[in-house]
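Everything below concerns the one structure shown next.
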Amino acid sequence: MTDTISAATYCYVHPDRETSLRCKRCEKPICASCAQRTPTGYMCRDCVRSHQKSFDTSEWYDYIFGFLTAGFLSAIAAFLVTLIGGIGFIGWLLILSAAPIAGTTIAEAVRVVTRRHRSRSLFITVAVGMVLGALPVLIVQLLSMNIFGIVFQGIYLFIAVPLVYTRLSGIQLFK
């Protein structure tokens, strides 16, 4: 019998952990806690980070245009939600069906304005623009103590803001 002596490899981040995993991109040895699972194999955190940066294509002016577009359209949608607030029971059905439509419209308008550029910070900027665009209408509702208007604004923001973020970022909840 021959004994094979293999050299032990250790994680490049944790030198005290023995491992047999290697990054599929740079071939560095990585332990199980450092390995990032991808659809094509395990990668180290550095390679995953550098790979994700290639998808961030937004320019500085995309933040301004995206913020202004989302804020303006959200202000219009918030005003329309205020009009729905006085209808009664049918208003509840309208807000539950109109908020996703408004969110989808805002997301598609932002995509056109930013020329489909992508970045996580751009998506967050657009979401903040939506909330700030609806804020003046919400303040008017608070000052007038219109309970249904406040609740409907909350429902609109609760549905539309995450919808815009997920639509822009490409997150798929159901495949």
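Couple of notes before you dig in:
- Working note: 222 nm ellipticity from helices only, DSSP H runs with n ≥ 4, each -39,500 (n - 2.57), summed and divided by the residues of the chain, gives -21000 deg cm²/dmol to the nearest 500.
- Environment charge at residue 29 (Cβ cut-off 11 Å; Lys +1, Arg +1, Asp -1, Glu -1): +1
- Filtered trypsin sites (Lys or Arg not before Pro), region 40-142: DSSP coil and at most 14 other beta carbons within 10 Å: 115, 116
- Net length available on complete extension from residue 57 to residue 79 is 4.6 nm, with 0.36 nm assigned per residue and the Cα-Cα distance removed.
- For region 22-116, the set of chymotrypsin sites (Phe, Trp or Tyr not before Pro) satisfying both a DSSP loop assignment and a count of at most 14 other C-beta atoms within 10 Å is given as 55.
- Top positive-direction residue, dipole computed over region 60-169 with Cβ charges, set 72, 112, 151: 112
- Stretchable slack from residue 150 to residue 68, in nm (0.36 nm times residue separation minus alpha-carbon distance): 27.2 nm
- Only Lys, Arg (+1) and Asp, Glu (-1) charged, at Cβ; the chain dipole about Cα centre in debye: 340
- Taking N as its residue count, the alpha carbon Rg of the chain over 2.2 N^0.38 Å: 1.53
- Gain in span if fully extended, residue 142 to residue 87, counting 0.36 nm per residue against the direct Cα distance: 17.9 nm
Coordinate-derived values only; no laboratory data. In this text the structure is predicted, and so the values were computed from the model without any measurement. In this analysis, Cβ positions are derived from the backbone assuming ideal geometry, glycine residues included, and neighbour counts consider all displayed protein chains.
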